[in-house]
Amino acid sequence: IMINNLGVYNNYNGLVVKLDAAGNIVWQKLLNLSNGNDNINDIRECNNGDLILSGSVKSTPDVALIKLSSSGNLIWCKTFGNNAQYDDGTALIQTNDGGYLITGRYISMGTFNAFLLKTDSSGTLQWLKCYGDTNQHMWGFDVKQLTNGDLLMVGSTTLLKPNYQSYGDNFIMRLSATGDTLWTKIFYGTPDLFE
């Protein structure tokens with residue numbers, strides 16, 4: 001499965017393409033889910049063969065969780081976000097209980113904060129946890145679930161820097177199954193540039 005975004009500024013649509021083992025197109029679907037930008041950032045195959053996607057929809061985007069059948073037909077699209085703010089789902093996984101977990105970024109008090117958003121298998125919100133600080137930048141790039149149910153989230157942050165305009169550093173967080181922080185490590189290279 002391959003994903004992309006097609007269009008022009010302020011009018012993008014997500015594209016999903018299914019290929020066979022030789023790289024031939026089996027099917028392709030253009031996802032026009034709103035009157036604004038529809039961007040797809042990640043895709044995973046579910047346990048039953050359906051496809052789950054994360055990204056954002058609308059011109060002032062909300063996080064999108066999109067489910068397609070194995071043949072590419074839209075099953076549902078759920079959105080989550082702050083009204084008239086920028087919210088974006090970067091990566092997702094299907095969790096051990098059959099639900100979904102999305103990480104990404106949202107704007108609060110003028111800067112980006114990272115989040116983890118957990119839904120059940122039908123896309124109904126179960127919990128939402130946010131990470132960051134005032135006048136700082138934090139963005140979740142990927143998330144994994146460990147065999148004991150704990151979560152790992154990685155991304156970029158300026159929490160050790162003067163403000164959100166500073167070079168971002170790498171971070172890794174270990175969290176409980178409900179998103180509570182167990183520990184966080186932040187690291188950067190030499191010279192200290194954008195990691």
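The values are calculated or read from the model by the stated rules, or taken from the named source; none is laboratory data. This is a predicted model, so every value here is computed, not measured. So basically every Cβ, Gly included, is an ideal-geometry build from the backbone, and we count neighbours across all protein chains shown. Side chains are part of the model used for accessible areas, which takes the heavy atoms of the whole protein and leaves out ligands, DNA and RNA. Shrake-Rupley method; radii C 1.70, N 1.55, O 1.52, S 1.80 Å.
Observations on the structure shown:
- When MET138 is tested against (1) open to solvent by less than 50 Å² (accessible area, probe 1.4 Å); (2) within 24 Å of ARG44 (Cβ to Cβ); (3) within 18 Å of the chain's Cα centre (by Cα); (4) in contact (Cβ under 8 Å) with a residue 40 or more places away in the chain, exactly one condition is not met: (4).
- GLN165 fulfils the conditions (1) under 19 Å from the mean Cα position of the chain (by Cα); (2) polar (S, T, N, Q); (3) at pLDDT below 95 except for a single criterion, (1).
- Lone unmet requirement of (1) among the small types (Gly, Ala, Ser); (2) in contact with a strand residue (DSSP E or B) (Cβ under 7 Å, 6 or more places away or on another chain); (3) under 27 Å from ALA84 (Cα atoms); (4) surrounded by fewer than 16 Cβ atoms within 10 Å (Cβ to Cβ) for GLY168: (4)
- Flag for ASP97 being of a type in the set (D, E, K, R), in contact with a Lys or Arg (Cβ under 7 Å, 6 or more places away or on another chain) and within 25 Å of THR147 (Cβ to Cβ): no
- Flag if GLY36 is assigned to a strand (DSSP E or B) and either in contact (Cβ under 8 Å) with a residue 24 or more places away in the chain or more than 15 Å from the chain's Cα centre (by Cα) (or both): no
- Restricting the range 101-132 to residues that are in a loop (DSSP other than H, G, I, E, B) and more than 19 Å from THR60 (Cα to Cα), the residue that is least open to solvent (accessible area, probe 1.4 Å) is GLY123.
- Output for the range 150-165, where each listed residue is open to solvent by 40 Å² or more (accessible area, probe 1.4 Å), under 21 Å from THR134 (Cβ atoms) and either of a type outside the set (S, T, N, Q) or in a strand (DSSP E or B) (or both): LEU159, LEU160, PRO162, TYR164
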